[in-house]
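Engineer: Questions regarding the structure given below will be posed in turn.
Each reported figure results from applying straightforward, stated rules to the coordinates on display, with no laboratory input. Quick caveat: nothing in here was measured; it's all calculated off a predicted structure. We place every Cβ from the backbone using ideal geometry, glycine too, and count neighbours over all the protein chains shown.
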Amino acid sequence: MQPDPYHAVPEEKRNINGFRILPSGALVTDTPPFDRLFEEGTGNGLYALAVSNWETVSDPGAFFIKNMARQALTRMAHAAAERPDEVDAVLDHLLASATEKAFLAEQFPPVPGAEYATPDIIAGWFEDLRKAIAKEIRARGITPAEWLNGLGAPWNQIGKVFFHLAENRDDATGSRPFAFMATFAHQSAADNQVRHLPLATALKLHEGNYTALLAVLQPLKEAAQESPLLKRLLDNGKIYTPMAWSAPEARDFLQDTPLYERAGIIVRMVNLWKKPPPKLQVKVTADASGSEKTVHSSGLSVRSLLKFSVSATLGGKDLTPEELGELLSNGDGLIRFKGEWVRVDARKVRDLMDRWNQAARMMSSLGIPLVQGLRMLVNGPSGQLVQIPEPDEDCVMAPGQNLRQTLDILAGKVPVSIPELPSRLDALMRPYQKEGFSFLYRITERGFGACLADDMGLGKTLQAIAWLDALRRKGRLEGLPALIVAPASLLSNWKEEAQRFAPELILRIMHPSSPDPWQPENTLRRKDCHAVITTYGMAARTSALAELHFPAIILDEAQAIKNAGSARSRAIRSLHGERRIALSGTPVENNLNELWSLMEFLNPGLLGSRKSFESFTRSLERGYAPLRRLVRPFILRRMKTDPALVPDLPDKMEIPAYCSLTPEQAALYQAQIDMLHAVLDEPDPAARLMLILPILARLKQICNHPAQFQGTDDYAPERSGKFRRLQELCASIAARQEKTILFTQFRSIIPHLHDLLSGVFGRSGLTLHGGTPIPERQNIVTAFQKESGPPFCILSLKAAGTGLTLTQASHVIHVDRWWNPAVENQATDRAYRIGQHRNVLVHRLICRGTIEDRIDAMLKDKRRMADDLFSGGPEQWLMNMSAEELNNLFSGSPC
């Protein structure tokens, strides 16, 4: 038997940090020794995980992945029992079918990077597993059966227990229509062949050999802990002899088959079924009455109430009352119906139908909210509606005609009327952005909330502005304005984007920093305001907002309300809006608590109470498809790597990351500006330049962090708007399992940036500056270029602006500006160069209202001549400026 790779590692080194999926689809973990094995190849890692004794129950991701690998080996073991010498045929059973791959992708647990677990990626994992095992088998010159035998339980065929179920052709009375026998695989010493012998023979063959006997009996004892049928057969000793079974006994056996297979017992149903026979189930159809006012050509709305009708179904086919009566009158178990065996639990079906019919009568005059009905369709908890039975495997929930139409509308399967875009936006927006606009309008016009969860750089703000402008043109913003809640750093950005893309959409700011802030007390329509933007802090503190009913509410960077129990999150969820959307570049389905908070804002009640949701998610250990089906209509997630988007995107996208100064920064900045204005009247340009340059350097330091200017080590993020914005930006990058490189011109700040980002990414990164020894630089590049290597690298602009290849990064962040486009572009090209197969996003951190903001505007306004104008660095262009031009450059107040 090969050693268990997990328990070969000392206990103190078994740090279980879970699994994550990289953008390439590679599966990695930080748990020794699997971290090394998965780096060698996903197939090696899956094999080692499958045969290990690592207890993964407490980690849903590890539990799911290990079980996935073990099921593949189990399929291979079953094939090897039939055709032990057909190597390729047996190995092919490691590969999942198209249906299984889609099922696994749907069920995949919320691990970091779970959005990359597509059917194609999962197919690649199984192919890697096949190659790893094929290499091992061929290198050793043995058959798959011999290799499996070397693994020991539960995959070795020698000594393995088999359960056989067949029709009992000797049953004259019809009371015992099935035959059952338990066997074990035994290798004959005479001819070396594997034969199936009655299980009782194992007791005689292994008499006195406790170890061998335990290997045979252990799977039976394990399965009997969960299977009442098997426990009874072990207790009375009948498991060791062939038996004739009644229909109920055969039904119980089929019901427990998954338990047997998980324990390593191989189940064979001889000439009966390739899959379990169909089962009689209660079918509860939820729908609104066709005469209800909320039913119209565009489907139901969120205010619709649902009612129930109760019927029966068999294998997905609806039964007539006569057919149901015939089945129920024939008793329990496996019953012949229309020439085939079917499973019937008559007592349970009658009980469920009685309870559901009673619930339907109680609801006939009231109905239940539509969001409650959606939750029940995926077997979610019934929550506070105690009169409704809890979902059960013997009960199928189905949407009626009106509800099905609404679900198809929400999913975009049915065309609905969407306002045409103005010619300006129609020409500007890319096809996927128009699709996002249609999604927002389609979902919100029925009263549901929608989350646009596009990657950074795909234009979420533009799509939301197009949606707001459509509401304006439809007259939906003629009462109160819409409310936009965003991080403080994005207030000005929203206003500028609205002016640029939809000039007729007038947006005002509700914040003390605004010269004319909007006041919530002014509830009358103002002609100069279609939408109001404020910060999360202001929205939470301004109680008057909760008394208003806005026509629309937008949450930008909606992960700000992820902590459901925080006062801020509760305050935001208490806002009233006719339409609600959330914008987030973070994969919201990968953190279940954050998902609840977001959905509770968008569609209150959809996921039930926090307590019932937590109970619901605990029941999803073996698959998360029910939850995904429930939230999928309300989340549109597109990634830069989507094949449909790639032709639409530039290879390099530049995105300004605006920041606001903290009050401390603003005060220090203004003091330096006052000092600078005192030297602008110096008539000698050279002398003036010598006075300005030190102040300019101090202004840059203040924009970075007050501690850098003061020369202290107190780099608390809350003291710097730029550090807080960097946290937000890198949190989104980390959630996507992507990598970034950062450039700064100040070597002194690099250790503090590293400390900040290590907390964000949960792992240490790399640093490279002028003091880094030359031999060590290549080691840094090599480590970063390894896909599972450090997630970020901070570099000084002068030391690393040229010559390095860091194409594992799909993000480049300029923490502070060099103000020489050629130098900055050279630095960016460390990631954007030959060998880069991803789209690169370039983020420049810019403090609003500061010298950074004004010079960035100059670079944009004079882009064509920027290289010439700024190529000599700040000394040249400052030298050529007049006193008046310098005064304009440094005028204004930081924000």
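Engineer: If you take every DSSP beta bridge fully contained in the chain, what fraction is antiparallel? Give it as a percent rounded to 5.
Structural biologist: Details: 35 of 91 bridges.
Here the antiparallel bridges make up roughly 40 percent for the chain.
Engineer: So what are the ³J(HN,Hα) numbers for the stretch 582-598, from phi and the Karplus equation (6.51, -1.76, 1.60; θ = phi - 60°), rounded to whole Hz, Gly and Pro as x?
Structural biologist: Working through the residues one at a time gives 10, 10, 7, x, 8, x, 5, 7, 8, 9, 5, 5, 5, 4, 4, 4, 5 Hz.
Engineer: Now a separate question. For Lys611, list the lysines whose Cα falls under 20 Å from its own Cα; do not include residues on the same chain fewer than 8 positions away.
Structural biologist: Lys562
Engineer: Here is a follow-up. List every residue whose amide H lies under 5 Å from the amide H of Asp59, counting only residues 5 or more places away in sequence or on a different chain, with H placed 1.01 Å from N in the peptide plane.
Structural biologist: none
Engineer: Rounded, prolate or oblate: which fits the chain, taking a ≥ b ≥ c as square roots of the Cα gyration tensor eigenvalues, rounded meaning a/c under 1.5, else prolate when a/b beats b/c?
Structural biologist: Details: a/c = 3.00, a/b = 1.59, b/c = 1.89.
It is oblate, given that a/c is not under 1.5 and a/b is not larger than b/c.
Engineer: Oh, and also: What does the extension gain come out to for Lys611 and Val416, with contour length at 0.36 nm per residue minus their alpha carbon separation? Provide the component values of the computation, followed by the final result.
Structural biologist: Values: separation 195, 0.36 × 195 = 70.20 nm, distance 3.67 nm.
Here the segment from Lys611 to Val416 would lengthen by 66.5 nm.
Engineer: While we're looking at this one, here's another question. Take the alpha carbon atoms of the stretch 33-81, find their center, do the same for the stretch 736-781, and report the distance between the two centers in whole angstrom.
Structural biologist: What the calculation gives is 34 Å, centre to centre.
Engineer: May I ask you to list the trypsin sites (Lys or Arg not before Pro) in the stretch 712-767 that are in a DSSP loop and have at most 15 other Cβ atoms within 10 Å of their Cβ? Don't skip to the end; give the middle numbers.
Structural biologist: Numbers: sites: Arg719, Lys722, Arg724, Arg725, Arg736, Lys739, Arg747, Arg763; in loops: Arg736, Lys739, Arg763.
For trypsin sites (Lys or Arg not before Pro) across the stretch 712-767 that sit outside H, G, I, E and B with at most 15 neighbouring Cβ atoms in 10 Å, the list reads Arg763.
Engineer: Fewest first, what order do Ile137, Ile774, Ile465, Ile368 take by the number of other Cβ atoms within 10 Å? Don't jump to the answer; show the numbers that get you there.
Structural biologist: Values: Ile137 18, Ile774 6, Ile465 25, Ile368 21.
Listing Ile137, Ile774, Ile465, Ile368 from fewest to most nearby Cβ atoms yields Ile774, Ile137, Ile368, Ile465.
Engineer: For Ile702, Ile794, what's the fewest-to-most ordering of other Cβ within 10 Å of each Cβ?
Structural biologist: Numbers: Ile702 28, Ile794 25.
Fewest-to-most Cβ neighbours within 10 Å comes out as Ile794, Ile702.
Engineer: If you rank Glu100, Glu654 by fewest surrounding Cβ atoms within 10 Å, what's the result? Don't jump to the answer; show the numbers that get you there.
Structural biologist: Values: Glu100 18, Glu654 14.
Taking fewest neighbouring Cβ atoms as first place, the list is Glu654, Glu100.
Engineer: Once Rh for the stretch 87-134 is found with the Kirkwood sum over Cα pairs, what is the Stokes-Einstein diffusion coefficient at 10 °C and 1.306 mPa s, in µm²/s?
Structural biologist: Details: Rh = 11.3 Å.
So the translational diffusion coefficient is about 140 µm²/s.
Engineer: Could you tell me the largest-minus-smallest coordinate of the C-alpha atoms of the stretch 559-666 on each of the three principal axes, in descending order and whole angstroms?
Structural biologist: 44, 43, 29
Engineer: Still on this structure, please answer the following. Quick check: Cα centre of the stretch 220-237 to Cα centre of the stretch 593-661, how many Å?
Structural biologist: Spelled out, the Cα-based centre of one part sits 43 Å from the other.
Engineer: How high is the relative contact order of the chain, in percent, with contacts defined as C-alpha pairs under 8 Å that are six or more residues apart? The partial results should precede the final answer.
Structural biologist: Working: 1495 pairs, mean separation 76.6, N = 895.
Answer for the chain is 9 percent.
Engineer: Additional query: Once every DSSP H run of n ≥ 4 in the chain is given -39500 (n - 2.57) and the sum is divided by its residues, what mean residue ellipticity at 222 nm do you get, rounded to the nearest 500 deg cm²/dmol?
Structural biologist: Values: 36 runs with 385 residues, N = 895.
Estimated from H runs of four or more residues: -13000 deg cm²/dmol.
Engineer: Quick check of the Kirkwood formula: for the stretch 434-482, what is the inverse mean of 1/r over all pairs of different Cα atoms, in Å? Spell out each step's value before the answer.
Structural biologist: Details: mean 1/r = 0.0877 Å⁻¹.
Roughly 11.4 Å, rounded to one decimal.
Engineer: Residue by residue, what Karplus-based ³J(HN,Hα) values in Hz, rounded to whole numbers, does the stretch 461-469 have, using 6.51, -1.76 and 1.60 with θ = phi - 60° and x for Gly and Pro?
Structural biologist: Those phi angles translate into 4, 4, 5, 5, 5, 4, 5, 4, 5 Hz.
Engineer: What is the pair-distance distribution P(r) of the stretch 680-741, computed from all Cα-Cα distances in 5 Å bins starting at 0, with each bin given as a whole percent?
Structural biologist: Percent of pairs per bin, in order: 4, 16, 16, 14, 14, 13, 9, 7, 4, 3, 1.
Engineer: Taking H as built 1.01 Å from N, whose amide H comes closer than 5 Å to the amide H of Arg638, not counting residues under 5 places away?
Structural biologist: Ala453, Asp454, Asp455
Engineer: Right, something else. Hey, what did the stretch 328-373 get for relative contact order, percent, Cα under 8 Å, at least 6 apart? Write down the numbers at each step before the final one.
Structural biologist: Numbers: 22 pairs, mean separation 11.1, N = 46.
Rounded, it is 24 percent for the stretch 328-373.
Engineer: Between their Cα atoms, which of Lys474/Lys495; Lys135/Lys786; Lys101/Lys434; Lys307/Lys474; Lys66/Lys460 are more than 28 Å away from each other?
Structural biologist: Values: Lys474/Lys495 21 Å; Lys135/Lys786 24 Å; Lys101/Lys434 31 Å; Lys307/Lys474 33 Å; Lys66/Lys460 37 Å.
Among Lys474/Lys495; Lys135/Lys786; Lys101/Lys434; Lys307/Lys474; Lys66/Lys460, the Cα-Cα distance tops 28 Å for Lys101/Lys434; Lys307/Lys474; Lys66/Lys460.
Engineer: Kirkwood Rh over Cα pairs of the stretch 423-636 into Stokes-Einstein at 10 °C, 1.306 mPa s: D in µm²/s?
Structural biologist: On the way: Rh = 17.6 Å.
D, rounded to a whole number, is 90 µm²/s.
Engineer: Kirkwood Rh over Cα pairs of the stretch 653-889 into Stokes-Einstein at 10 °C, 1.306 mPa s: D in µm²/s?
Structural biologist: On the way: Rh = 18.5 Å.
Answer, rounded: 86 µm²/s.
Engineer: OK, next. Which of the trypsin sites (Lys or Arg not before Pro) found in the stretch 448-480 are in a DSSP loop and have at most 13 neighbouring Cβ atoms, other than their own, within 10 Å? Before the final figure, lay out each step's value.
Structural biologist: Values: sites: Lys460, Arg472, Arg473, Lys474, Arg476; in loops: Lys474, Arg476.
Sites meeting the loop and neighbour criteria: Lys474.
Engineer: List the aspartates and glutamates whose alpha-carbon lies under 12 Å from that of Lys221, not counting same-chain residues fewer than 8 positions away?
Structural biologist: Output for Lys221: Asp235.
Engineer: Name the lysines eligible as straight-distance cross-link partners of Lys652: C-alpha to C-alpha under 16 Å, and not fewer than 8 places from it in the same chain.
Structural biologist: Cross-link targets: Lys640, Lys739.
Engineer: So who's got an amide H within less than 5 Å of the one on Phe743, skipping anything under 5 residues away but keeping other chains? H placed 1.01 Å off N, in plane.
Structural biologist: Leu795, Ile813, His814, Val815
Engineer: For the stretch 311-358, run through the trypsin sites (Lys or Arg not before Pro) and keep only the ones in DSSP coil with at most 14 other Cβ atoms within 10 Å of their Cβ.
Structural biologist: Working: sites: Lys317, Arg336, Lys338, Arg343, Arg347, Lys348, Arg350, Arg355; in loops: Lys338.
When the trypsin sites (Lys or Arg not before Pro) of the stretch 311-358 are filtered for loop state and at most 14 Cβ neighbours within 10 Å, Lys338 remain.
Engineer: Still on this model: Ranked from highest to lowest mean number of other Cβ atoms within 10 Å per residue, what is the order of the peptides 233-240, 440-447? Present the calculation step by step, with values, prior to reporting the outcome.
Structural biologist: Details: 233-240: 14.4, 440-447: 22.0.
Ranked by mean Cβ neighbours within 10 Å, highest first: 440-447, 233-240.
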